Every structure is written in C-alpha cells, then in structure tokens.
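Q: Encoded as structure tokens, here's the structure I'll be asking about.
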Amino acid sequence: MHDYFLGDSPSFGLALVPFCFLSMLLFTRHPRTNFIFDEQEALLANPFVRSIAEAEPKFRWLDAFHRDFWGLGPERSIGSYRPIPNLVWRALWGLGARDQTPFLHHWINVLLHGANGALVCVLAYALTKRRGVSWLAGAAFTASAVLTEAVSGVVGIADVLGATGTLLALLALTRKLPWMGLGVFLGTLFGLYSKESALCCVPLLPLGALLLAPTTHPDKPRRWLRAVVAFVAAAGAFVLYVEARRRMFPAPIPSELSVEANAHKGLGGRAFAAILRWYAQPTLPKDPLNNPLVNVDGLHRVGGALRVWWRGLVQVVCPHTLSGDYSAPQEPAPATLFSPEIILGALAMVLPFPLAAWLGIRSWLRLRKQRREDALVQRGGGAAPAQAGHPELGSASKKNDVAAIPKSNGLPDPSLVVAFGGLWVVLSFFPVSNVPVLLPTVRAERFWYFPVIGTSLLLAVLFGWVVDRVRARGTRVAQRALVIGTVAFFLFQAFAARSHANDYTDDLSFWDATRKAVPRSAKAHLNYSVMKGARGDLESRLAANGVALELAPQWPMASVYYGDTLCRLHRAPEAWPHYVHGFGLAPNDVNLIALGVQCLWDEKLLAEGSSVRTELDALKDKHPGSWLEYIVKDVIEHGEEHNGVDPKYRPRGYNEGPKD
C-alpha cells in the first residue's frame with residue numbers, strides 16, 4: 001500500500017482507480033432510485049434526449065448545439081446552454097437507460113468525479129512535487145461533501161464535465177509552449193460547452209501561467225510569455241464559444257440589457273451591459289422564491305451574495321448541514337449590511353488578491369536572490385547548489401529570468417500554490433455569486449464544484465506545511481494529533497457525503513431530508529407534500545402544504561396546491577378561497593389554473609348556476625387577456641366536450657415525459 005501511493009510519482013492511471021472507488025463508496029445512489037427534482041425535466045421531459053428512442057428521431061445529434069440544457073429551443077430557454085451533457089444523456093438513453101431509473105445517468109457522474117479527483121492529484125504533484133500532498137489534494141477534492149449534489153444528482157454532470165475541461169486546461173500549463181496553448185484552448189472550450197462556469201478559465205489560466213511558471217517550468221519559466229499565450233488561448237476559446245452559440249442558439253436578449261435601458265448609466269454600466277449583450281445570455285428566470293435578491297437594491301444584493309459565499313466556505317470545511325434546496329425564506333435578503341457573515345464574506349473575497357500579489361512578489365525576489373547566489377558560486381568555481389536534491393525538477397539555466405527554485409530541498413515554492421489556490425476559489429465562484437449578475441437561484445451547493453479544486457490544493461499544501469513543522473520540531477503528541485486531526489477531517493467529510501447521498505434514495509427521501517435540513521424553505525415543504533400526495537397520503541400532503549403556505553403566503557403555487565389537496569380530499573368548498581388567492585396572484589400560470597379548474601370540475605362545483613362558477617366567471621373578467629380568462633371561458637363553453645379543461649392545457653403528470 002505504501003509503495004502504491006508513495007513509491008512512484010502519481011500519474012492519472014495510478015490515481016484513477018482509488019479515486020473512482022472512493023467516489024463510488026461515497027456518492028452512489030440506491031439502485032432503485034427514481035427521478036428526483038430537476039432530473040424529471042432534464043431527462044423525462046427532454047425532447048432532444050428522448051428522441052433517440054423514436055423510430056424516426058425528431059432531432060439529430062448535432063441538434064444538441066441548437067437546444068438548451070433541457071432540450072428546449074432558444075425561444076423557450078431559461079438560460080442554460082450545455083450541449084455536451086445532453087449528448088451524454090442522449091447516448092445513455094439510446095443504450096437503454098430510460099424511464100425506468102436514472103441510476104446509470106448518475107453513475108456516470110460518480111465515475112467522472114473520480115476521474116476529476118485523479119486529475120487534481122496529478123495537478124497537485126505537478127505544482128508541489130510532493131507525493132503525499134498530491135494524494136491528499138485528490139482525496140480532499142473527491143471526498144468533499146459539499147459536492148454531493150453535483151455528483152449524486154444527474155444534472156450535476158454539467159459541473160463535473162465543466163471541471164474536467166478546466167482541469168485539463170490547467171494541466172496544459174505544465175506542457176511546453178507549442179502544446180500549452182492548444183491544451184488550454186481545447187480544455188477551456190470543452191469546459192464551456194459543458195457549463196458556462198468554465199468562463200472562469202479566461203482570467204485564471206493566465207494568472208496561473210504567470211504565478212506557477214517557475215514551478216511548472218523551472219528551467220525556462222518565461223512567465224510573461226506563457227501568461228500571454230494562456231490568455232490568448234483561453235480568450236480565443238471563449239470568443240469562439242460565444243460567437244458559435246449566438247449563431248446556433250439565437251436566444252432573445254433581456255430588455256434590461258438594451259442600449260436604451262442603459263443609456264442613463266455611466267461608462268462602466270454601459271460597457272458592462274454591452275459585454276452582456278455580446279455574450280447574449282438567454283433571459284434568466286427571476287423568481288423571488290428561488291432568489292430573494294431579485295427584489296432588493298444593489299448593495300443588499302451584494303451583501304446577501306457575500307453572506308452566501310461565506311456560508312459556502314464554511315460548508316466546504318465543515319459540512320454540518322447539506323441540502324439540495326435553499327429557497328425562500330431560508331436565505332432571505334439581508335436586513336443589514338454589517339452582519340458578521342457579510343463582513344467575513346467581503347474579507348474572504350477581497351484578501352486573496354493582495355495576498356497573491358504579495359506571495360508572488362516575495363517568491364520572485366527570492367528567485368532573483370537565488371540567481372545571484374548561483375552566479376557568485378559559479379564565478380568562484382563552485383557548483384550550483386540544491387537542484388541535485390530533486391532531479392525531477394531539471395537543472396538551472398543562467399539565461400532565464402529565473403535560475404532555480406529557492407528551496408534548499410529542491411521542492412517548488414508552496415506559497416505560489418497558495419496564491420493561485422486562493423485566487424482560484426474566489427474567481428471560480430464569482431460568476432455564480434449573484435454579484436455580477438442575478439441568477440435564478442440564491443444558493444446551490446453544486447456551485448462549489450469549481451472552487452473546491454482550489455480549496456483542495458490549499459488544504460493539501462497546508463497539510464504539507466504542518467507535516468514539515470511537526471517532523472522538524474514536533475513531539476510525539478503533536479504527531480499523533482496531526483494524524484488524528486487528518487483522519488477526523490476526512491471521516492467527517494466522508495460521513496457527511498455518504499449521508500447526503502443517501503438522501504437521493506428516492507424523491508420522497510430527498511424532500512424529507514431537505515425540509516429537515518432547511519426548515520424555512522417553502523419549496524422543500526411543498527415538494528415533500530407532492531411526494532406524499534403521489535403516494536396517496538393526502539392528509540400528510542395537506543399538513544406539509546400548510547407549512548409551505550405559512551412560510552410563503554404570497555406564493556401562488558402554495559395556495560393553489562393547498563386548495564388542490566383540499567379538493568382531492570373532497571373538501572372543494574374549503575379549497576375555493578385558496579384557488580381564488582392563487583389564481584389572482586398568477587393569472588398567467590396555465591399549469592396552476594388548469595390544475596385547479598379541473599379539480600373544481602371533477603367535484604361538480606362548476607355546474608351551471610353554481611356560486612363557484614359565477615365567482616370564477618367574474619374572476620376571469622378581472623384579468624383580461626390572461627390564461628385565467630381563456631381557460632375559464634373554454635371550460636364554460638366546452639367543458640362537457642373535454643370533461644373539464646382541454647387535455648392539451650392540463651399540466652404534465654408527475655414522472656411523465658414531455659407532452660406532445
């Protein structure tokens with residue numbers, strides 16, 4: 001065992017097997033799992049994925065680049081453009097992984113996550129040349145409990161594949177210049193076509209080339225040249241991705257980004273809007289239930305985002321609570337901008353930049369000093385020191401701006417890895433932080449898949465630093481404390497990951513665990529009620545739905561679903577006030593209106609001359625041109641013909657595929 005892990009330098013092939021097994025141990029769902037949460041829309045209702053099973057497929061393989069993450073065209077998209085995951089799902093659907101279970105789809109995530117752990121291990125070795133530190137970095141990434149949502153949930157494949165491309169681009173920085181640029185370009189492009197979060201490669205890869213060149217290329221660092229090449233390659237991939245997407249997926253641009261809407265802003269605001277217009281991001285949903293920050297001013301939005309950022313950082317180290325949902329009012333907009341979490345979040349987002357600058361400059365000064373010392377030794381007829389201690393690093397060259405790595409043991413300077421790791425965590429999370437743009441959701445643990453690459457490197461380097469000091473000056477008690485602390489950390493991560501993966505046993509288990517983890521999430525309670533209702537337990541559905549309605553009294557779905565539960569319990573007169581409230585809040589939500597009106601029809605409350613029919617007829621007149629008006633008028637005129645609502649307007653049933 002010792003020889004396997006520490007006898008040879010870790011390679012991808014060597015690291016792949018143990019990290020895949022670790023990933024399988026921690027994140028594999030129950031074989032009888034069913035489709036949970038977004039998996040129904042991503043797979044069961046995805047027309048692009050499902051068409052492969054048709055006798056004459058409606059969509060070709062290349063149509064993945066003309067559809068969004070959910071298989072929808074640009075005119076119906078909610079903003080997610082990720083062709084590569086759709087191609088993987090379509091291939092699995094064609095192989096027979098279909099309506100019965102999402103197990104194989106999720107298991108691909110598990111294996112890919114293990115492969116990413118191996119890539120992190122190889123990357124850590126390239127940056128530190130320390131085998132123990134490298135294996136620890138890979139283990140910290142693979143076992144990170146906060147990544148459970150991305151790995152155990154099917155839709156997390158976008159994060160997993162996006163990180164695969166990003167890690168390959170990072171590893172390309174260790175290649176020689178002719179190949180480095182190509183590797184950065186291809187890795188970044190693959191990451192972007194998997195998930196938009198890979199745009200963090202554009203600033204981070206040039207910074208990585210600049211900071212890490214003395215580590216990855218001690219003989220010929222050429223740091224500025226490598227930084228320029230990395231920037232051109234990453235930016236070129238980004239521009240190609242955006243221009244191709246604009247042509248193949250021409251989604252409507254939000255009106256708030258138009259020239260007219262931004263004419264009153266300063267130069268910075270107009271320039272930012274122009275960049276977003278060029279980027280052509282499809283319109284993102286703005287639902288205060290999923291993201292309460294949509295209705296607050298800019299300062300409070302940033303404050304709320306910083307608070308979420310800090311809570312996520314704490315979760316990475318101490319995942320005491322994990323959840324698949326953080327809907328309102330679980331993460332409300334902040335009442336004050338001076339709460340401890342907001343202040344700590346601001347410091348954690350800002351300080352890595354001056355810290356990285358200081359560590360980078362200090363390392364550069366040390367390297368210059370080492371070069372002068374080497375020159376003096378050579379003029380005196382001696383031999384250049386230290387490098388022989390680590391033949392893997394190569395020899396020094398007097399012609400370069402950096403002659404040798406300034407460590408007496410010949411190891412790379414770990415402070416450069418700390419500098420880059422800190423920048424990586426901040427810059428890879430920033431696009432999904434709700435600071436630059438508002439996202440559909442206020443918080444999601446899958447957003448941490450990219451940043452945990454950086455935290456894993458930081459934790460591994462910290463471990464190496466502590467080990468060095470304990471070996472040099474520590475007592476036996478300190479050595480035992482280090483071992484116990486390390487084992488306890490990984491056991492805690494593993495226990496939290498496995499426990500949360502068990503929540504994905506089925507949809508009922510998932511929402512039961514979610515409502516307990518985040519008891520102030522109205523969506524968690526409502527979805528739990530739906531799961532209970534799907535199993536015929538209407539009394540439990542009513543109780544859970546009541547909690548959701550209490551938490552979010554102005555949420556149309558909570559009111560209509562509560563009324564629908566009462567209606568299904570044959571208590572339709574009690575349901576009517578809740579229907580009225582929900583219909584008034586969302587007169588254009590065709591699914592909610594059709595759901596409620598159909599149950600009222602089934603319970604005979606819309607018979608001609610009934611008071612409910614009269615009130616519903618009056619209610620529709622208050623919302624002219626709405627779906628409420630259309631559905632009610634259609635039911636009054638053609639209800640007998642359709643036995644209620646026209647079937648083409650009724651909502652898709654639970655666990656059903658797309659409607660024709």
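Q: Take the range 96-110 and flag every residue that is farther than 13 Å from Gly153 by Cα and assigned to a helix (DSSP H, G or I).
A: none
Q: Count, please, the residues in the range 34-82 that happen to be within 21 Å of the chain's Cα centre (by Cα) and either of a type outside the set (A, V, I, L, M, F, W, C) or surrounded by fewer than 16 Cβ atoms within 10 Å (Cβ to Cβ) (or both).
A: Residues in the range 34-82 being within 21 Å of the chain's Cα centre (by Cα) and either of a type outside the set (A, V, I, L, M, F, W, C) or surrounded by fewer than 16 Cβ atoms within 10 Å (Cβ to Cβ) (or both): 14 in total.
Q: Do we find that Asp219 is within 21 Å of Phe430 (Cα to Cα), modelled with pLDDT under 95 and among the acidic types (Asp, Glu) in this structure? Quick ask: steps written out before the conclusion?
A: Numbers: within 21 Å of Phe430 (Cα to Cα): no; modelled with pLDDT under 95: yes; among the acidic types (Asp, Glu): yes.
Against the criterion (within 21 Å of Phe430 (Cα to Cα), modelled with pLDDT under 95 and among the acidic types (Asp, Glu)), Asp219 does not qualify.
Q: Here's another thing I want to ask about it. If a residue must be surrounded by fewer than 16 Cβ atoms within 10 Å (Cβ to Cβ) and under 30 Å from Ala209 (Cβ atoms), how many such residues does the range 243-267 contain? Spell out the reasoning first.
A: Filtering the range 243-267 for residues surrounded by fewer than 16 Cβ atoms within 10 Å (Cβ to Cβ) gives 243-244, 246-247, 250, 252, 255-256, 258-261, 263-267.
The next check asks that each one be under 30 Å from Ala209 (Cβ atoms); those that pass are 243-244, 246.
Result for the range 243-267: 3.
Q: Scan the range 410-424 and give yes if some residue there is over 25 Å from the mean Cα position of the chain (by Cα), surrounded by 21 or more Cβ atoms within 10 Å (Cβ to Cβ) and part of a helix (DSSP H, G or I), otherwise no.
A: Yes: one or more hits.
Q: Right, another one. All but one of (1) more than 23 Å from Asp507 (Cβ to Cβ); (2) out of contact with any Lys or Arg (no Cβ under 6 Å at 6 or more places or on another chain) hold for Ser51, so report the exception by its number.
A: Here Ser51 meets the rest and fails (2).
Q: Also: Restricting attention to the range 39-59, report how many residues are within 17 Å of His105 (Cβ to Cβ) and either outside the structural domain of Trp70 (by TED's automatic domain parsing) or not in a helix (DSSP H, G or I) (or both).
A: Going through the range 39-59, the residues within 17 Å of His105 (Cβ to Cβ) turn out to be 39-53.
Subsequent filtering for residues that are either outside the structural domain of Trp70 (by TED's automatic domain parsing) or not in a helix (DSSP H, G or I) (or both) retains 45-46.
Here the count works out to 2.
Q: Kindly indicate which of Leu367, Leu376, Leu355 is free of Cβ contacts under 8 Å to residues at least 40 places away in the same chain and either farther than 19 Å from Leu458 by Cα or surrounded by 15 or more Cβ atoms within 10 Å (Cβ to Cβ) (or both). Break it down stepwise before answering.
A: Details: Leu367 fails: free of Cβ contacts under 8 Å to residues at least 40 places away in the same chain; Leu355 fails: free of Cβ contacts under 8 Å to residues at least 40 places away in the same chain.
From the options Leu367, Leu376, Leu355, the qualifying one is Leu376.
Q: Pairs needed: first member in the range 223-234, within 12 Å of Pro178 (Cα to Cα) and assigned by TED's automatic domain parsing to the domain that holds Leu173; second member anywhere, of a type in the set (A, V, I, L, M) and in a helix (DSSP H, G or I); C-beta distance under 6 Å; at least 6 residues apart or different chains.
A: Going by the 6 Å Cβ cut-off, the qualifying pairs are Arg226/Ala209; Arg226/Ala213; Ala230/Val184; Ala230/Leu205; Ala230/Ala209; Ala233/Val184.
Q: Would you check which residues across the range 543-571 are part of a helix (DSSP H, G or I) and in contact (Cβ under 8 Å) with a residue 40 or more places away in the chain and list them? Working first, answer last.
A: The initial filter retains those residues of the range 543-571 that are part of a helix (DSSP H, G or I), namely 543-551, 556-568.
Leu551, the sole residue that qualifies.
Q: Still on this structure, please answer the following. Across the range 271-281, what is the total count of residues that are modelled with pLDDT under 90 and either over 20 Å from Val432 (Cα atoms) or exposed (fewer than 14 other Cβ atoms within 10 Å of the Cβ) (or both)?
A: Number of matching residues: 0.
Q: Further question on the same structure: Given the conditions (1) in a helix (DSSP H, G or I); (2) within 21 Å of Pro519 (Cα to Cα); (3) of a type outside the set (Val, Ile, Thr), which single one is not true for His300?
A: In the conditions (1) in a helix (DSSP H, G or I); (2) within 21 Å of Pro519 (Cα to Cα); (3) of a type outside the set (Val, Ile, Thr), His300 misses (2) alone.
Q: So Ala150 passes all but one of these: (1) more than 28 Å from Gly79 (Cβ to Cβ); (2) in contact (Cβ under 8 Å) with a residue 40 or more places away in the chain. Which condition number does it fail?
A: That leaves (1) as the condition not met.
Q: Can you tell which of Lys265, Lys286 is in contact with a Leu (Cβ under 8 Å, 6 or more places away or on another chain), assigned to a loop (DSSP other than H, G, I, E, B) and not polar (S, T, N, Q)?
A: Lys286
Q: Also: Residue check, Ala333 against (1) of a type in the set (A, V, I, L, M, F, W, C); (2) crowded, with 21+ Cβ neighbours inside 10 Å; (3) touching a His at 6+ places or on another chain (Cβ under 7 Å), all met but one. Which one?
A: Result: Ala333 fails condition (2) only.
Q: Now for a separate question. Output the number of residues of the range 523-542 satisfying the condition of being in contact (Cβ under 8 Å) with a residue 60 or more places away in the chain and hydrophobic (A, V, I, L, M, F, W, C). Steps first, answer last, please.
A: First pass over the range 523-542, keeping only residues in contact (Cβ under 8 Å) with a residue 60 or more places away in the chain: 523-524, 527, 530, 534.
So of that shortlist, the ones also hydrophobic (A, V, I, L, M, F, W, C) come out as 524, 530, 534.
The qualifying residues number 3.
Q: Something else about it: Those residues that are of a type outside the set (Phe, Trp, Tyr) and surrounded by 19 or more Cβ atoms within 10 Å (Cβ to Cβ), I need them from the range 293-314; list them, please.
A: If we filter the range 293-314 for residues that are of a type outside the set (Phe, Trp, Tyr), which is where we start, we get 293-308, 311-314.
Passing the criteria: Leu293, Val294, Arg301, Val302, Gly303, Gly304, Ala305, Leu306, Arg307, Val308, Gly312, Leu313.
Q: Can we say Val425 is at pLDDT below 95 and of a type in the set (Val, Ile, Thr)? Working first, answer last.
A: Numbers: at pLDDT below 95: no; of a type in the set (Val, Ile, Thr): yes.
So Val425 fails the test.
Q: Take the range 1-33 and flag every residue that is farther than 20 Å from Pro85 by Cβ, not acidic (Asp, Glu) and not in a helix (DSSP H, G or I). First the steps, then the outcome.
A: Going through the range 1-33, the residues farther than 20 Å from Pro85 by Cβ turn out to be 1-19, 21-22, 24-26, 30-32.
Those left that are additionally not acidic (Asp, Glu): 1-2, 4-7, 9-19, 21-22, 24-26, 30-32.
Of everything in the range 1-33, those that are farther than 20 Å from Pro85 by Cβ, not acidic (Asp, Glu) and not in a helix (DSSP H, G or I) turn out to be Met1, Ser9, Pro10, Ser11, His30, Pro31, Arg32.
Q: Another question about this same structure. Give the residue that is modelled with the highest pLDDT, with candidates limited to residues of the range 190-216 that are polar (S, T, N, Q) and under 19 Å from Phe65 (Cβ atoms). Give the steps one after another, and end with the answer.
A: Just the residues of the range 190-216 that are polar (S, T, N, Q), to begin with: 194, 197, 215-216.
Now restrict to residues that are under 19 Å from Phe65 (Cβ atoms): 194, 197.
Details: Ser194: 97, Ser197: 93.
Only one residue fits best here, namely Ser194.
The values are calculated or read from the model by the stated rules, or taken from the named source; none is laboratory data. Please read these numbers as outputs of a predicted model, since none were measured by experiment. Reconstructed Cβ throughout: ideal geometry from the backbone, glycine too, with neighbour counts over all protein chains shown.
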